[in-house]
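Notes follow the structure.
Since every read-out is calculated from the coordinates, none of them should be taken as a lab result. Predicted model only: the values in this text are computed from it and were never measured. Methodologically, a virtual Cβ is constructed for each residue, glycine included, from the backbone with ideal geometry; neighbour enumeration extends over all protein chains shown.
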Amino acid sequence: MADLEMEIKQLIVDALSLEDILPGEIETDAPLFGEGLGLDSIDALELGMALRKKFNISINSDDKETRESFQSVARLAALIRSQRYN
């Protein structure tokens, strides 16, 4: 379980060129946007594209559940697991 979360954290750092943050410094349940990691809407688009490419998942930005999945690494992992194993 933790392996997927670490992959997501590494993807966030790489895809968004977060030079001052190590993957291990990203808390699994911390917010990715706003007060947490501080990502913005452009980051969300870039992260969404990277997630689609790496994990071959479908992401619909108009879907409420998808938007909620971008709240934390834990929720992104749940989204990926749900699409991989359905």
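The number of residues in the range 35-68 that are of a type in the set (Lys, Arg) and either in contact with a strand residue (DSSP E or B) (Cβ under 8 Å, 6 or more places away or on another chain) or loosely packed, with under 11 Cβ neighbours inside 10 Å (or both) comes to 1. Under the condition of being closer than 24 Å to ASN60 by Cβ and in a helix (DSSP H, G or I), the residues counted in the range 12-48 number 11.
Counting the residues of the range 69-86 that are without any contact (Cβ under 8 Å) to a residue 60 or more places away in the chain and either under 21 Å from PRO23 (Cα atoms) or surrounded by 12 or more Cβ atoms within 10 Å (Cβ to Cβ) (or both) gives 9.
Out of the residues in the range 7-34 meeting the condition of being closer than 15 Å to ALA74 by Cβ and of a type in the set (Asp, Glu), tell me which one is surrounded by the fewest Cβ atoms within 10 Å (Cβ to Cβ). Only one residue fits best here, namely ASP29.
Considering every residue within the range 10-26, establish whether at least one is of a type in the set (Val, Ile, Thr) and touching a residue at least 60 places away in the same chain (Cβ under 8 Å). Yes, some residue in the range 10-26 is of a type in the set (Val, Ile, Thr) and touching a residue at least 60 places away in the same chain (Cβ under 8 Å).
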